[in-house]
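K.L.:
Starting off with a structure, shown below.
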Amino acid sequence: MDMENFSNMQLDAMREVGNIGAGNAATALSVMLSRLVDMDVPKAELVSIYELAEYYGDPLKPVSAVFVRSEGEFTCSLIFFQDEEDAQSLVDLLISQQMSGMA
């Protein structure tokens, strides 16, 4: 099915699945860090993988991304983007949590 063929209801359902997944990820991160994690509502859109660089700003600006492929009754790919500074902050938090757990 081409992206142009999704109904508004189908698009809303996919956005909701993305929101639920992001909420679960924030909860898991909060448990890992033993601290509150504040998260903005994620932006969920259908974009061709060939248009990602142009769609999300400067194609030369470094970003961090996580690619997840889901297969089954509903096959899809999800990509989570963070700018470089936010990704570095997350890595620093995770490393400091790991180091404090070793003490």
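K.L.:
In region 22-103, which trypsin sites (Lys or Arg not before Pro) are in a loop and have at most 14 other Cβ atoms within 10 Å, using DSSP for the loop call?
P.N.:
Those satisfying the criteria are 35, 43.
K.L.:
Okay, moving on. With axes computed from alpha carbons, what is the tilt in degrees of helix 8-33 against the longest principal axis of the chain, rounded to the nearest 10 within 0 to 90?
P.N.:
10
K.L.:
Something else about it: Going by the alpha-carbon gyration tensor, a ≥ b ≥ c the square roots of its eigenvalues, is region 50-103 rounded (a/c under 1.5) or, if a/c is not under 1.5, prolate (a/b greater than b/c) versus oblate?
P.N.:
Since a/c reaches 1.5 but b/c is at least a/b, the shape of region 50-103 is classed as oblate.
K.L.:
Sticking with this structure for a sec: In whole Å, what is the distance between the alpha-carbon centres of region 1-47 and region 48-72?
P.N.:
Spelled out, the Cα-based centre of one part sits 15 Å from the other.
K.L.:
Continuing with the same structure: Explain nothing, just the number: relative contact order of the chain, from Cα pairs under 8 Å at least 6 residues apart, as a whole percent.
P.N.:
19
K.L.:
What does the chain give for Rg and for Dmax, in Å, if only its C-alpha atoms count?
P.N.:
That works out to 16.2, 55 Å for Rg and Dmax.
K.L.:
At 0.36 nm per residue, and after removing the present C-alpha to C-alpha distance, how many nm does the segment from residue 24 to residue 69 gain when stretched out fully?
P.N.:
Working: separation 45, 0.36 × 45 = 16.20 nm, distance 1.70 nm.
Contour length minus the Cα-Cα distance gives 14.5 nm.
K.L.:
A further question follows. Modelling each spin label as a point 7 Å along the Cα-to-Cβ direction, I'd like the residue 31/residue 100 distance in nm, to one decimal.
P.N.:
Going from the residue 31 label point to the residue 100 one covers 1.9 nm.
K.L.:
What net charge is computed for the residues neighbouring residue 64, neighbours being all others with C-beta under 12 Å from the C-beta of residue 64, Lys and Arg scored +1, Asp and Glu -1?
P.N.:
Values: positive: 61; negative: 83, 84, 85, 86.
It works out to a net charge of -3.
Read the figures in this text as sums done on the coordinates, not as results from a lab. Quantities reported herein were computed from a predicted structural model and do not represent experimental measurements. Using ideal geometry, Cβ is built from the backbone for each residue, glycine included, and neighbour counts are taken over all protein chains shown.
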